[in-house]
Every structure is written in structure tokens, then in C-alpha cells.
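Have a look at the structure below, then the notes.
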Amino acid sequence: MDYCVITFASTNGAIQAQRYLKGEVPFQIMPVLREISKGCGISVRFDPPALEQVRNILADSDLAPEEYAFYGITGHSPNLRAEPLS
Amino acid sequence: MSRIIDAKGQACPKPVLMAKEAITAGENAFTVLVDNTTAVGNLQRLAGNQGFDVSVSEADGVYSLAFSRNGEAPVPQAPVAAAPCGAGYAVFVGRDIIGSGDRELGTNLMRMFFYTLAQSDDLPASILFMNAGVKLPAGDEQVEEHLKVLADKGVEIHVCGTCLNFYGITDKLAVGTVSNMYDIVSKMQEAAKVITV
């Protein structure tokens, strides 16, 4: 896995999540990968070692678990693999 | 004495078309007079493509380009008339968010714009930052990171010095060259198109 991304059910969720993560873990904003969704959206990218910490921060937040999803990304388009992280 | 083609005052792509006409007519040596650097650049590229050597001299704002055939085979290319003037594209960033409306959303869009641009294969020749746009290379960590990648790939990054000074963030500039209106306008003129973000 090269990096992790979080996708969100709504744009507001994506913006809200950044407020919780800011200052806690390094992350970047990126467009949702085409491999994950055809729609347009904001996702949050971070390094795999921070996964547990990010999970905990969002679990303690006001965001409901069904409002976001984690993916592990390996490789680059067109050979990119996006695996859901349960 | 070789023929002199006077293309002073002619708008792009006219000078190139006039030179092309002489080349097509089989002339081996001629001189083109123009009065702007964009035309000079375009004519130099034409010479390179058409198997000509060209030497440039300037006097009183008039550039004189002496063409001479060097025997190299012309590079096949699309007709000059169909080619855009200038080369490549420039990105002009005059604000620190994309669009008008919510600032937080606009910041996210701007970061995603540079994330995507840094990963693309079709890179701009230059990125030009003015007004609040200068806050991106001087304060937005994520955008700075993408700009460093772009700069490493050869993209010129020009940041308005007057604007950095106005916002009091000159010492925060993390990537790019402190630039001025002359350079920024000339980068726009050199580009085939300018995308304003």
C-alpha cells in the first residue's frame, strides 16, 4: 500500500473531517480517484502508518461511520489498485 | 543582398506566415524584421523546423532575423497557419481560492487543482501568482509541495513581489521566483494560451 485515502458521502463531511485532522496528522486534499468513484469529490490522503490514529480521530468525531470510507492505494493509474479497508 | 521582409507591426501569426511564404518560394537566404520578442521566438522555431539557421540582431526595438538554409531536412509539421501563436500554456492564479463562494471549499478546490496538475503529463510552461494568489506559494503547505514537484519538472513559477510585499509574506515564499509585472506579462505573451484560475 502506497498511501491511504478517505472518501466521504458528502462534500461537507470532507471539509468537516479536515477540521478534526488538522494539526493531528499530516494529510493532503486530493480529488477522489476515478478508480473509486466516477463522481466528483474531495478525498483526504495520508500515509499508512497514521491509519489507526486517523480512524480513532474520526470515530470520536461527530461524523457517523457511514459518512466516510477508507481505501488503501497501491501503484499509479492505469495500474492503480484501490482496496477498501474495513 | 538577400531580400528583406518587413513584418514590423504585424500581429502573430503574420510574421511567421510571411517567412513561411519565402521558404516555400525556395529562397535560401532572407531577413525578417519584427518588433516584438514573441515573433522572434516564433520565427526562431520556424527556422529550426524548416532547416534554416537564423541569427538575430536588435537595434532600436527592431529585431532583424537573418535566415539561411543549412541543408537539414525540414521537420514535417502541421501547417503554420493552424498552429497557435506562442508555445505551451501558462496558468495565472490571481486568488487564493478557486471561484467565488465558500472559502473552505475554494481552498480545497485549489489544493486539488495543484495536486492534479502536479501529477499530469501535460505541464504548463509557467505558473503566475498575483494578488492573494501569492499566499499559495508563501503559506499553503500542500500547494507549496505540489509547486516544488512542478518546479523540479521544469515549470517556471513566478510570484509577484509587489503582492508578497503588500501581504507582508515575502519571507514566507517557499517556492518560485520573486517576479515583476514585466516578467509576468512576457510569460503570458510567450504562451499559446493562458488559463486563469
Can you list the strands (runs of 3 or more DSSP E) found entirely within region B:119-197 that contain at least 1 residues being touching a Ser or Thr at 6+ places or on another chain (Cβ under 7 Å) and under 26 Å from residue A:27 (Cα atoms)?
-> B:156-160
Can you tell me which residue among B:134, B:155, B:149, B:175 is crowded, with 18+ Cβ neighbours inside 10 Å, over 15 Å from residue B:92 (Cα atoms) and of a type in the set (A, V, I, L, M)?
-> B:175
State the number of residues belonging to region B:101-118 that are within 11 Å of chain A (Cβ to nearest Cβ) and part of a loop (DSSP other than H, G, I, E, B).
-> 1
Kindly indicate whether residue B:129 is aromatic (Phe, Trp, Tyr) and surrounded by 17 or more Cβ atoms within 10 Å (Cβ to Cβ).
-> yes
Test each condition in (1) more than 12 Å from chain B (Cβ to nearest Cβ); (2) loosely packed, with under 14 Cβ neighbours inside 10 Å; (3) in a loop (DSSP other than H, G, I, E, B) for residue A:77 and report the one that comes out false.
-> (1)
Does at least one position in region B:77-97 carry a residue that is of a type outside the set (Ser, Thr, Tyr), more than 22 Å from the chain's Cα centre (by Cα) and not in a loop (DSSP other than H, G, I, E, B)?
-> no
Condition broken by residue A:4, with the remaining ones in (1) away from chain B (no Cβ under 13 Å); (2) more than 27 Å from residue B:121 (Cβ to Cβ) satisfied = (2)
Given the structure, is residue B:140 within 14 Å of another protein chain (Cβ to nearest Cβ), within 12 Å of residue B:173 (Cα to Cα), surrounded by fewer than 21 Cβ atoms within 10 Å (Cβ to Cβ) and out of contact with any Pro (no Cβ under 9 Å at 6 or more places or on another chain)?
-> yes
So, in region B:45-63, of the ones that are more than 21 Å from residue B:27 (Cα to Cα) and touching a residue at least 12 places away in the same chain (Cβ under 8 Å), which residue ends up surrounded by the fewest Cβ atoms within 10 Å (Cβ to Cβ)?
-> B:61
Residue pairs within 7 Å by beta carbon, gap of at least six or interchain, first lying in region B:1-27 and within 15 Å of residue B:49 (Cα to Cα), second among the small types (Gly, Ala, Ser) and loosely packed, with under 12 Cβ neighbours inside 10 Å, listed first then second, are B:17/B:81
Selection count, region A:8-26, where residues are more than 10 Å from every other protein chain (Cβ to nearest Cβ), modelled with pLDDT under 95 and under 20 Å from residue B:114 (Cβ atoms) = 0
Residue in region B:28-43 that is in a strand (DSSP E or B), over 21 Å from the mean Cα position of the chain (by Cα) and within 27 Å of residue B:187 (Cβ to Cβ) present | yes
Here the residues within region A:27-55 that are in a loop (DSSP other than H, G, I, E, B) and either more than 22 Å from residue A:80 (Cβ to Cβ) or away from every other protein chain (no Cβ under 12 Å) (or both) are A:35, A:36, A:37, A:38, A:39, A:47
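The values are calculated or read from the model by the stated rules, or taken from the named source; none is laboratory data. Nothing here was measured: the structure is a model prediction, and the numbers come from that model. Counting neighbours? That spans all protein chains shown, and the Cβs are built from the backbone with ideal geometry, glycine included.
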